[in-house]
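Chemist: Take this structure, written in structure tokens, and hold onto it; I'll ask about it next.
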Amino acid sequence: MATTPIVVGIDLGTSTSEIGYLKNGKPVLIPDPNTGSPIIPSVVALAPTGEVLIGTPAKRMLLSFPDRVVAEAKRAMGSPTMFTIADQHLRPQEIAAHLLRYLKQIAEDHLQQPISEAVVTVPANFTDAQRQATKDAGELAGFRVERMINEPTAAALAYGLDHVDAEETVLVFDLGGGTLDVTLLDMFSGVLEARTTAGDVALGGKDFDDAIVGWLIDRFKQSAGIDLRASADPKVSGRLKDAAETAKKELSGTMSTSISLPFLAIGAGGTPVGLEETLSRAEFDRLTQSLVERCRAPVMKALAAAKLTPAGIDKVLLVGGSTRIPAVKELIRSIFGKLWPTEVNPDEAVALGAAVQAGLKTQTGLGITFTDICAHSLGIEAIVSGRYGVVPGAMSVILEKNKTVPCSNMESYSTVSDDQPVVRIAVYQGEEPLAKDNKLLAEFEIDDLPIMEAGEVD
Ligand code: ADP
Ligand code: MG
């Protein structure tokens, strides 16, 4: 008997990735057989033996062979950055493909059948190039990427599946390892409609780790007189980062934590010097106050774009590991006047939502659907005359950001000179008034224009 194909849902995160599927109408995540946990560090390493390691063993190698490890490659998705592992040079999508191949393998072993289709989530604020790179990664790993959905929308979908009768306006606040996404959605009769989205593509748990690393370096300079900033040893920075992340996580549950890094540097006279510190929650809050404060603007932007005040939100869903930081929760409480009971697992919600969407393809009767939105405006470069006079190279927006996708719109443009035979159309994505300050997506020419006077052809 032929088995029914299973579509998997994948959260390909900056720090951690998960894979799941819809089992009898309920999304489930598949555990990594090596650790028993479905939460898999998004880390790729090449062991000295030549073996490619993924997840927890790869993350552990950051301490011993940092130059053989790549972490947080997602931050470079869609950019020309190359990663070097030993003698190999890899593009961000190739690193991502290693992770995806591993997830695929876990799923195939678990389900005992080949898997070829996947729904992959991406940050709501990802640009077209970043989405394309993610899709390429999926294909390199042997997946047909059935659909990409925005991470906050996926999280809301996981929540919505258990609340199909709810009529609520929900704000998803997703603070992960590298990015903050805020998305506002309306839920009614099983339909989830994303309304607005805002975010910060360079704000996440990593920045909180870096703040602790900076503090540790300062303290070590005071106590041992050694400046670790001057140390180019990647092992030292690997150990500092690892200790910082561990301390940060512990401080989500305790008021103080001790950090101990023996044999961190060589002191005067060749004796090894270690680092011993105690970091209090209060000190951590002070170090990261500006990072926490940066989370406010995207929330306010998403609300303003939806013409809502905090009082118009029925529920805030906290998603992403970094929402466990008490000061981040406090910020949400200060904006909305309250915190809601935790209804979604912050580490799993996005992947569970991807699994729901994956299952919607083959399983019916779930009673839920959704619409997504685009996070950036799309337009073309044009000469615009208006309030500021004639502006050459202006961004003429055709599809405003926060439009529900799929969408279409028509605008008319005219030629600028008599008998102009050709127009060049350059499509840009972004919010800057000058096209050149936005991201160029595509360029093409229309060259069979009829011969007419300027302004007549459109
Ligand atoms: P991503 O979606 O970017 O992969 P995750 O949602 O998995 O990110 O969140 C990972 C981030 O959450 C990391 O920076 C990690 O250090 C942080 N994190 C995980 N658990 C905790 C915790 N208990 N307290 C504070 N931060 C945490
Ligand atoms: Mg995430």
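Chemist: When the residues of region 1-48 are narrowed to those that are more than 20 Å from Ala137 (Cα to Cα) and within 16 Å of ligand 2 (Cβ to nearest atom), which ends up surrounded by the fewest Cβ atoms within 10 Å (Cβ to Cβ)?
Modeler: So, considering only residues that are more than 20 Å from Ala137 (Cα to Cα) and within 16 Å of ligand 2 (Cβ to nearest atom), the one surrounded by the fewest Cβ atoms within 10 Å (Cβ to Cβ) is Ser37.
Chemist: So, one more: Give the number of residues within region 239-283 that are more than 11 Å from ligand 1 (Cβ to nearest atom) and assigned to a helix (DSSP H, G or I).
Modeler: Of the residues in that region, 9 qualify.
Chemist: Scan region 411-445 for residues that are part of a loop (DSSP other than H, G, I, E, B) and among the hydroxyl-bearing types (Ser, Thr, Tyr) and jot them down.
Modeler: Scanning region 411-445 gives Ser412, Tyr413, Ser414, Thr415, Ser417.
Chemist: Where the second residue is among the polar types (S, T, N, Q) and assigned to a helix (DSSP H, G or I) and the first is touching a residue at least 12 places away in the same chain (Cβ under 8 Å) and lies in region 95-120, which pairs have Cβ atoms under 7 Å and are six or more apart or on separate chains?
Modeler: Filtered contacts from region 95-120: Ala96/Thr134; Val119/Gln357; Val120/Thr134.
Chemist: Next question, about the same structure. Of all the residues that make up region 342-380, how many are part of a loop (DSSP other than H, G, I, E, B), more than 22 Å from the chain's Cα centre (by Cα) and closer than 23 Å to Pro38 by Cβ?
Modeler: 5
Chemist: Name the one entry in Asp109, Asp87 that is surrounded by fewer than 16 Cβ atoms within 10 Å (Cβ to Cβ), over 24 Å from Gly353 (Cβ atoms) and acidic (Asp, Glu).
Modeler: On the way: Asp109 fails: over 24 Å from Gly353 (Cβ atoms).
Selected residue: Asp87, the only one of Asp109, Asp87 that is surrounded by fewer than 16 Cβ atoms within 10 Å (Cβ to Cβ), over 24 Å from Gly353 (Cβ atoms) and acidic (Asp, Glu).
Chemist: Determine if region 378-392 includes at least one residue that is of a type in the set (Phe, Trp, Tyr) and either touching a helix residue (DSSP H, G or I) at 6+ places or on another chain (Cβ under 7 Å) or within 22 Å of Ala198 (Cβ to Cβ) (or both). Show your work before the answer.
Modeler: Taking region 378-392 first, the residues of a type in the set (Phe, Trp, Tyr) are 388.
Restricting the remaining residues to those that are either touching a helix residue (DSSP H, G or I) at 6+ places or on another chain (Cβ under 7 Å) or within 22 Å of Ala198 (Cβ to Cβ) (or both) gives none.
The answer is no, given that none of the residues of region 378-392 is of a type in the set (Phe, Trp, Tyr) and either touching a helix residue (DSSP H, G or I) at 6+ places or on another chain (Cβ under 7 Å) or within 22 Å of Ala198 (Cβ to Cβ) (or both).
Chemist: Here is a further query. Quickly run through region 53-91 and pick out the residues that are polar (S, T, N, Q), touching an Asp or Glu at 6+ places or on another chain (Cβ under 9 Å) and at pLDDT 95 or above.
Modeler: Matches in region 53-91: Thr56 only.
Chemist: Does any residue of region 131-146 turn out to be touching a Gly at 6+ places or on another chain (Cβ under 8 Å) and farther than 23 Å from Tyr21 by Cβ?
Modeler: yes
Chemist: Shifting gears a bit: For region 103-203, which strands (runs of 3 or more DSSP E) that fit wholly inside it have 2 or more residues that are within 16 Å of ligand 1 (Cβ to nearest atom) and either of a type in the set (Gly, Ala, Ser) or in contact with a Phe, Trp or Tyr (Cβ under 9 Å, 6 or more places away or on another chain) (or both)?
Modeler: By residue number, 144-150, 180-188.
Chemist: Given the structure, is Ser408 more than 28 Å from the chain's Cα centre (by Cα) and either in a helix (DSSP H, G or I) or of a type in the set (S, T, N, Q) (or both)?
Modeler: Here the answer is no, as Ser408 does not meet what is asked.
Chemist: Which members of region 211-233 meet the condition of being touching a residue at least 40 places away in the same chain (Cβ under 8 Å), closer than 13 Å to Leu264 by Cα and under 32 Å from the mean Cα position of the chain (by Cα)?
Modeler: Of everything in region 211-233, just one residue is touching a residue at least 40 places away in the same chain (Cβ under 8 Å), closer than 13 Å to Leu264 by Cα and under 32 Å from the mean Cα position of the chain (by Cα), namely Leu216.
Chemist: So in region 140-167, with the set limited to residues that are of a type in the set (Gly, Ala, Ser) and buried (at least 17 other Cβ atoms within 10 Å of the Cβ), which one is farthest from Asn24 (Cα to Cα)?
Modeler: Here the answer is Ala141.
Chemist: Restricting the search to region 387-405, which residues are in a strand (DSSP E or B), over 36 Å from the mean Cα position of the chain (by Cα) and within 20 Å of Asn438 (Cα to Cα)?
Modeler: If the condition is that a residue be in a strand (DSSP E or B), over 36 Å from the mean Cα position of the chain (by Cα) and within 20 Å of Asn438 (Cα to Cα), then Val390 is the only one that fits.
Chemist: Does Gly78 count as surrounded by 14 or more Cβ atoms within 10 Å (Cβ to Cβ), more than 16 Å from ligand 2 (Cβ to nearest atom) and not aliphatic (A, V, I, L, M)?
Modeler: Yes: the conditions hold for Gly78.
Chemist: Just a yes or no: is a residue in region 290-311 within 13 Å of ligand 1 (Cβ to nearest atom) and part of a loop (DSSP other than H, G, I, E, B)? Step through it out loud before you land on a result.
Modeler: Keep residues of region 290-311 that are within 13 Å of ligand 1 (Cβ to nearest atom), which gives 291-292.
Within this subset, residues satisfying the condition of being part of a loop (DSSP other than H, G, I, E, B) are none.
Checked region 290-311: no residue is within 13 Å of ligand 1 (Cβ to nearest atom) and part of a loop (DSSP other than H, G, I, E, B).
Chemist: Right, here's the next one. Does region 53-73 include one or more residues that are in contact with a Ser or Thr (Cβ under 6 Å, 6 or more places away or on another chain), of a type in the set (D, E, K, R) and touching a residue at least 12 places away in the same chain (Cβ under 8 Å)?
Modeler: Yes - at least one qualifying residue is present in region 53-73.
The values are calculated or read from the model by the stated rules, or taken from the named source; none is laboratory data. Worth saying up front: this structure is predicted, and the values here are computed from it rather than measured. Note that we place each Cβ from the backbone using ideal geometry, even for glycine, and neighbour counts take in every protein chain shown.
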